[in-house]
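First the structure, in the form of structure tokens, and then the observations on it.
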Amino acid sequence: MRNSMLHGSKDGFMPPFDLAIASLFLALSPLVLAPCCAQFRNLAIYLSFAATAVASLATVCAGFLAVRHGTATSAVLEMGLPDLPFHLRLDPLAGFFLCVIGLLALFVSLYSIGYVRGFPAGRSIVRFIVFFSLFLAGMLLVVLADDAFFFLIAWEMMAASSYFLVMYEDEKAENRKSAYLYLVVAHIGAIAILLSFGVMAGLANGFESFQGYTFDAMRTTTYPVGWATAAFLLALFGFAAKAGVIPLHIWLPEAHPVAPSNVSALMSGVMLKTSIYGIVRIVFDFLKVYPWWWGGIVLVLGLVSAVLGVLYALMQHDLKRLLAYHSVENIGIILIGLGLAMIFTSFHLPLLAALALVAGLYHTLNHAMFKGLLFMGAGAVLHATGERNMEEMGGLIHRMPWTSALFLVGCISIAALPPFNGFVSEWLTFQAFLLSPALQRPVLGLLFPLGAALLALTGALAAACFVKAFGVTFLGHWRGHAPLQRVHEADWTMRAGMALAAVTCFLLGILPTLVIDWMDILPQRLTGGGIATSAGKYGWLWLTPVARERASYAGFNVFVGILAVVLVAWLLLHVNKTSVRRVPIWDCGFEKLTPRMQYNATSFAMPIRRIFGFLFRIREEVTAVEPVRHPAYPVKLRYRLRVRDRFWYWLYQPVADAAFFTARKVGRLQQGRIQVYLIYSFVTIIVLLVFLG
Amino acid sequence: MTVSSYIIEAVQVMILLAAAPAFAGWVKTVKCRLQGRTYAGISQPYRDISRLFAKDVIVAENASWIFRITPYIVFGVTVMIGGIIPLISIDLPFAATADVIALVMLFAIVRFFTALAGMDIGTAFGGMGSSREMTIASLAEPAMLMAIFTVSLATNTTSLPRMVHVIGHGELVLRPSLAFALLAYIMVHLTETGRVPVDNPATHLELTMIHEAMILEYSGRHLALIEWAGMMKLFIFSTLGIAVFCPWGIAPSADPAALLTALAVLAVKLPLLGIVLVLIETGLAKMRLFRLTEFLGSAFMLATLGMLSFFILE
């Protein structure tokens, strides 16, 4: 590989772009390292994940500096197609996403050291490490690519390596099926993205040369509205399929749970974000001018994904599946921010657009952190119990104090409770919603607050869902059939990975002004407005996105205030010596309490299942188990509940049926006898001679 | 931001801590009176709390630290919320910490931890209470925010002191949107503070319990903190309603005369609001859990109507 044409800024000891390239090589180094020391399992694990951790750290630095300085650096690699070398570019937008990817990849790399060591001895870890580093490098390249061809190569690299990671435990039929579904949807999406780039490239420079395929050409072209719409819709379809936006989410709750948990954390935390990157890049950087209803589509898709995503999540009893559906929800919340930004941009309100865009991008960063943390926590639980089913868990807080405390931080963050980070971005989104009267369109002005109410519903349901997730998994009594003594706390590397993610969640929650000040270059470049001057006007403590009179929030004060009152109350109550008496649980005189009598994941969600039942396909049956002495007094009951996604039956089942139907019809050609095939060839030749001769 | 405003802040928190049990006692007294029962007077809650503080704490064997820390968090967050709502003056240094949206989410912290504590012991009651509480909250929160959004659109802000300023000290205009929002707010108020028709604070009847089911296992000072916080929540929701919908009388500055007037006005408004609450409670019967969807759905519709009328009429 040859680096040429580096126009970098000369500040610092190493320009961000060089740092990014270096981190790329470092991220790929396990490709050599792991096979070389395959004999020494632990050494291979330590070396490889240390390399990816350092690579991630370098990525974060590169991204941070690129955003901070607002510089754009590009380079051309003389590889690829004859007329189309690979272009690379690091601008603030790419830098921001590098930061998101690098930060989580750093924590996950640390975590992976402990997690991968726990894999069964018979399983090849070299295969895992190789695809892990390819996956990481693929994501970095997607963000750094500066022409459509290279972008798609990186995109495919990311998709293919993550396919192999999902397939890692391929002895189970379920995993193979999920991975296949993932691959199919990923490729249908990739086709749409390819077509979208084709449309833009054609308009940029005609179809005669490849020059139109560079992002520079796409950036400088003005597009006619019709073609721009076609390009936008294709890109939206493609990226939505990758991001798991409803109704294209179907692969997500299948693929994320079956992947190893460190991979789920990366897939859910950052791989989905590459689609957000794609949408922002194409809409705000390439197309730039568009009618408001584009934003409307994105907004509605976001709202639908957010509400349905969290409702589906509530119905799950598989911990990782629940988290996967929450990714659908959070992608929805990010899209709400982007959609609002697009609408405000099309009405030429750059400041409001900046607010909405910051809300969306901030949530992108936040979601990467807390979802990564939660998946790592779920991985620690899976590691310790060998179980993903919450109905078989309970009381883990006593056996896994660290994991449970860190998982709780993730739950609080994702449930958008102050002073943690999830709240800040949702609060900014609410503020953007409430500025709708500025649009001077009564209809939109009315629809916006309704959207805000749906977002509120999402937030409240998410809180319910995480009370369920944490309560059923970590609190109460152990429900499992396997003995609890087997369960152990995660090792220190796993705890370190989770703890760093939790600390980041907290810092992002109490220091939003600093973060917004840092990333303000993005809205300035992309929408022409910035909010940092107003947001940080009253110092780092006070977040005032529009004006102090309009709204303000100080996460640090919330934290200190609560802490102060709690401490004072605690101290006042513990001045005198106090005692806490431990007694057995009060059983109302029943004396036969068993752990199976606790509320579990299914019963916790029952009221919500009844209220929103029309959105699901629910089959519920209760049968009496033999022997039945009297129909009114069954001794034992069997309860079966099946909640399915309606979209599967509406959209996917018909397509799958049609495909099978066609395949069966076409399959009749295959007779398996050589004579028949010779007749086919003969007829084909005759037909060709007649028509072409 | 002067010293006087910090003094007001401190005085306000004192009022909250001291007056919340009295308000709860007042509501109970009026309720007893209306229902023809004998009553213990408005000082009964003080006696309850002090008795609980004196008692030993009994904790189930498998309770974790979540169970033991929850009372403190519930109490801490509630006091913190009390410091944000303009009670007698809008000159509060702490009020800028959180706007109305953040305030709603602060209440969500209280609920989150109480629900977790309900599941911590591992009894069926606790889980039942948590499940129901979170379900109801997920319906009440959108209605609450919708009502608040209506007010915030009318006043162009989400900051509470500013809202009070715009409505209370601006020119008096009749806003139909606020009337709808007020109705919705009252319904949410009944829900959030666990009163009839949603929950009954006076019952331990197992099939209807919601809030009580979650805190059934608490005793001693833990229970005292939770009970006290519950009374403060009633007080806060009432004063929040007053601040947003009927802020006249709240002092715009730290002027002592204005503050005294504000205090007197509050001392009139709160008992009146208490009587209204009791009238609603006595007039309605407790609803089945799954009828609550309709109750909270109509609160949401009312708030939406308020917003519609804002965009059409104002």
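The per residue volume of the convex hull around the alpha-carbon atoms of chain A is 237 Å³. For chain A, excluding the exposed loop sites themselves (GluC sites (Glu not before Pro), DSSP loop, at most 12 other Cβ atoms within 10 Å), the longest remaining stretch covers A:209-590. Based on every Cα atom in chain B, Rg and the maximum pairwise Cα distance Dmax equal 19.2, 60 Å. Can you figure out the FRET efficiency of B:LEU284 with B:THR2, using R₀ = 45 Å and their beta-carbon distance, to the nearest 0.05? E between B:LEU284 and B:THR2, to the nearest 0.05, is 0.45. Computed from phi, the 3J(HN,Hα) profile of region A:622-630 under the Karplus parametrisation 6.51, -1.76, 1.60 (θ = phi - 60°) reads 10, 10, 7, 8, 4, x, 9, 7, 9 Hz, with x in place of Gly and Pro. Pairs exceeding a 24 Å alpha-carbon distance, out of B:LYS233/B:LYS269; A:LYS177/A:LYS468; A:LYS371/A:LYS468: A:LYS177/A:LYS468. Find the Rg to Rh ratio for region B:19-104, where Rh is the Kirkwood radius over alpha-carbon pairs and Rg uses the same atoms. For region B:19-104, the value is 1.08.
Taking Cα centre as origin and charging only the Cβ of basic (Lys, Arg, +1) and acidic (Asp, Glu, -1) residues, the dipole magnitude of region B:30-163 rounds to 520 debye.
Mean partner shielding of peptide A:431-437, defined as the number of other chain Cβ atoms within 10 Å of each residue Cβ, is 3.
Taken along the Cα-to-beta-carbon direction at a fixed 7 Å, the label points for B:ALA124 and A:LEU688 span 7.6 nm.
Modelled label positions at B:MET301 and B:GLU314, each set 7 Å beyond Cα in the direction of Cβ, lie 2.2 nm from each other.
Binning all Cα-Cα separations of region A:501-567 at 10 Å, short to long from zero, yields these whole-percent fractions: 22, 43, 28, 6, 1. Per residue of peptide B:60-69, the mean number of Cβ atoms on other chains within 10 Å of the residue Cβ is 5.
Mean separation of Cα pairs under 8 Å and 6+ residues apart, divided by the residue count of region A:352-449: what relative contact order is that in percent? It comes to 33 percent, rounded to a whole number. Helices in chain A, meaning DSSP H runs of at least 4 residues, each add -39500 (n - 2.57). Divided by all residues, the mean residue ellipticity at 222 nm is -21500 deg cm²/dmol.
Alpha-carbon geometry of region B:151-277: the Rg and the Dmax are 17.4, 52 Å, given in that order.
Per-residue mean of foreign Cβ neighbours for A:400-410 is 1 (Cβ atoms of other chains, 10 Å radius). Dividing the summed -39500 (n - 2.57) terms of all DSSP H runs of n ≥ 4 by the residue count of chain B sets its mean residue ellipticity at 222 nm at -24000 deg cm²/dmol. Here region B:283-314 and region A:77-136 have alpha carbon centers that stand 50 Å from each other.
Relative contact order, whole percent, for region A:152-553 stands at 15, derived from Cα pairs under 8 Å and 6 or more residues apart. Simple point charges give the picture: +1 on the Cβ of Lys and Arg, -1 on the Cβ of Asp and Glu, and for region B:3-313 a dipole about the Cα centre of about 620 debye.
Tell me the angle of helix B:160-169 to the major Cα principal axis of chain B, expressed in degrees between 0 and 90 and rounded to the nearest ten. Tilt of helix B:160-169: around 50 degrees. Highest mean packing comes first when the peptides B:297-308, B:29-40 are listed by Cβ atoms within 10 Å, giving B:297-308, B:29-40.
Cα centroids of region A:143-182 and region B:89-105: 47 Å apart. Spread over its residues, the convex hull of the C-alpha atoms of region A:596-648 is 109 Å³ per residue. Restricting the calculation to Cα atoms, region A:538-647 yields a radius of gyration followed by a Dmax of 26.0, 75 Å.
Helix B:100-120 axis versus longest C-alpha principal axis of chain B: approximately 0°, rounded to the nearest ten. Only aspartates and glutamates eight or more places from A:LYS320 in sequence, or on another chain, were considered; those with a Cα closer than 16 Å are A:GLU169, A:GLU174, A:GLU254, A:GLU329, A:GLU387, A:GLU391, A:GLU392. Sorted on the mean count of surrounding Cβ atoms within 10 Å across their residues, most packed first, peptides A:436-443, A:657-664, B:14-21, A:312-319 read A:312-319, B:14-21, A:436-443, A:657-664. Packing around the peptides B:121-134, A:352-365, taken as the average count of other Cβ atoms within 10 Å per residue, puts them in this order, highest first: A:352-365, B:121-134.
Summarising the label geometry, the points placed 7 Å from Cα in the beta-carbon direction at B:ALA258 and A:HIS187 lie 7.2 nm from one another. Once the Cα-Cα distance is subtracted from the 0.36 nm per residue extended length, the A:VAL32 to A:VAL503 segment shows a gain of 166.2 nm.
The long axis of helix B:176-192 is offset from the longest Cα principal axis of chain B by roughly 20 degrees. When you restrict to C-alpha pairs under 8 Å that are six or more residues apart and normalise by the size of region A:596-648, the relative contact order lands at 35 percent. Averaging the Cα positions of each part gives two centres, and for region B:1-79 and region A:557-576 these lie 16 Å apart.
Since every read-out is calculated from the coordinates, none of them should be taken as a lab result. Please read these numbers as outputs of a predicted model, since none were measured by experiment. Backbone-built Cβ (ideal geometry, glycine too); neighbour counts: all protein chains shown.
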